[in-house]
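S.K.: I'd like to ask some things about the structure below.
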Amino acid sequence: GIHLPLPPQATYGVGLGEEFLPQVLRKANYTTHAVGKWHLGHANYNQTPTFRGFESFYGFYGGAEDYFSHRYFKNMYDLRSDKGDFCGE
């Protein structure tokens, strides 16, 4: 498992074989949306929220962002607004 927040340069995340709660809920015809921080992987699109069951995501992929400038780690911008399934594909 992952026991610490992922650093910005991480090339790993929660295994793609793991099923997330929003994936289960979608199978039961629920809608799923996420707002906040995503500390579960972001090195490729398959690790991001709209590829893991969420229909939309608004927030940060990393951690320790400045809430006003939306920047973190060496001044990188990290505010996301993924507005649909498989956003970024």
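The values are calculated or read from the model by the stated rules, or taken from the named source; none is laboratory data. Remember, predicted model here, so these are calculated numbers, not experimental data. Because the Cβ atoms are built from the backbone with ideal geometry, glycine has one as well, and the counts that use them run over all protein chains shown. The accessibility values were calculated without ligands, DNA or RNA, using every heavy atom of the protein model including side chains. Shrake-Rupley method; radii C 1.70, N 1.55, O 1.52, S 1.80 Å.
S.K.: Here are a few candidate values for volume of the Cα convex hull per residue in Å³: (i) 96; (ii) 123; (iii) 144. Which one was actually calculated from the structure I just gave you?
M.R.: (i)
S.K.: Do the sum for the chain: with -39,500 (n - 2.57) for every DSSP H run of n ≥ 4, divided by all residues, what is the mean residue ellipticity at 222 nm, to the nearest 500 deg cm²/dmol?
M.R.: Mean residue ellipticity, 222 nm, calculated: -2000 deg cm²/dmol.
S.K.: Just reorder F20, F68 by solvent-accessible area, largest first, 1.4 Å probe, all chains present.
M.R.: F68, F20
S.K.: Label T11 and N46 with points 7 Å out from Cα along Cα→Cβ: what is the distance between them in nm?
M.R.: For the pair T11/N46, the computed spacing is 1.5 nm.
S.K.: So, one more: Among G17, G62, G36, which one shows the biggest mean-square fluctuation in a GNM of the chain, springs joining Cα atoms closer than 10 Å?
M.R.: Result: G17 has the largest fluctuation of those listed.
S.K.: Accessible area per residue for the chain in Å², computed with a 1.4 Å probe and the full protein assembly in place, what is it?
M.R.: For the chain, the solvent-accessible area averages 65 Å² per residue.
S.K.: ³J(HN,Hα) across the range 11-25 via Karplus (A = 6.51, B = -1.76, C = 1.60, θ = phi - 60°), whole Hz, x for Gly/Pro?
M.R.: Per-residue couplings from phi come out as 10, 10, x, 4, x, 5, x, 7, 8, 8, 3, x, 5, 5, 5 Hz.
S.K.: Then there's this: List the residues whose amide H sits under 5 Å from the amide H of T32, counting only those 5 or more places along or on another chain, with H placed 1.01 Å from N in the peptide plane.
M.R.: E55
S.K.: Ok, one more. Quick one: which residues, 5+ away or cross-chain, put their amide H under 5 Å from the amide H of K37? H built at 1.01 Å from N.
M.R.: Counting only residues 5 or more places away or on other chains, the set is F60.
S.K.: Further, regarding this structure: Run the accessible area of the chain with a 1.4 Å probe and give the carbon-and-sulfur part as a rounded percent.
M.R.: C and S atoms contribute 56 percent here.
S.K.: While we're on this one: Please name whichever of N46, Y61, V35 sits farthest to the positive end of the charge dipole of the range 32-89, dipole taken about the Cα centre and charges placed at Cβ: Lys and Arg +1, Asp and Glu -1.
M.R.: Of N46, Y61, V35, it is Y61.
S.K.: Continuing with this model, one more query. Quick one: 3J(HN,Hα) in Hz for the range 78-83, Karplus 6.51/-1.76/1.60 with θ = phi - 60°, rounded, Gly and Pro as x.
M.R.: Taking θ as phi minus 60°, the curve returns 9, 8, 10, 9, 8, 9 Hz for the range 78-83.
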